[in-house]
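What follows is one structure encoded as structure tokens, with my remarks underneath.
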Amino acid sequence: MALSLLTAVGLGVAATSGLPAVLAVWGVWAITAGTVQLIVAVVRYRLGGQWAMILSGGISTIAGSGFLLQGSAPDASLTNLAGYATLGGVFFLVSAIRLHRVAKGAA
């Protein structure tokens, strides 16, 4: 939660500096959040249903690096963020459904 709050403030400040700054803040957030997500999913792997979180964390880390690189390009745009956010939402949904089924079976 603290990381997301810090990112929201950072994006607000970066928006006044232009698109490259926004992509840099978003990229750092994606790398950091993706790395944490990946580590937690690997640690919890035995609980089941973590494959989606492992993929999502790995993709976030890679995508964050891409956002950082894209920010330095002359034709930088926010278009790729939409695909990234959609894919992340799908992974979270799959993980939630899988974990719900595991929890329902344990009850």
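With the helix formula -39500 (n - 2.57) applied to DSSP H stretches of n ≥ 4, the chain reaches a computed 222 nm mean residue ellipticity of -28500 deg cm²/dmol.
Put in line by how crowded their Cβ is, counting other Cβ atoms within 10 Å and starting with the fewest, TYR45, TYR84 read TYR45, TYR84.
Most tightly packed first, judged by the mean number of other beta-carbon atoms within 10 Å of their residues, the peptides 85-98, 55-68 read 55-68, 85-98. In the chain, the ratio of gyration radius to Kirkwood radius, Rg to Rh, stands at 1.06 when only Cα atoms are counted.
Using the Kyte-Doolittle scale, which helices in the chain average at least 1.6 and also have C-alpha atoms spread 24 Å or more along the helix axis, with helices defined as whole DSSP H runs? Qualifying helices, which must be both long enough and hydrophobic enough, are 19-43.
Sequence-distant contacts, meaning Cα pairs under 8 Å at least 6 residues apart, place the relative contact order of the stretch 2-106 at 29 percent. Exposure proxy shown here: for VAL9, VAL25, the number of other Cβ atoms within 10 Å sets the order, fewest to most, as VAL9, VAL25.
Between the beta carbons of ALA103 and LEU78, assuming R0 = 35 Å, the FRET efficiency works out to 0.45 to the nearest 0.05. The modelled label-to-label distance for the pair SER65/ALA85, using points 7 Å beyond Cα in the direction of Cβ, is 2.5 nm.
The numbers here are math on the coordinates, done by the rules we state, and not lab data. This one's a predicted model, so the numbers in the text were calculated from it and none came from an experiment. Quick reminder, even Gly has a Cβ in these numbers, built from the backbone with ideal geometry, and neighbours come from all protein chains shown.
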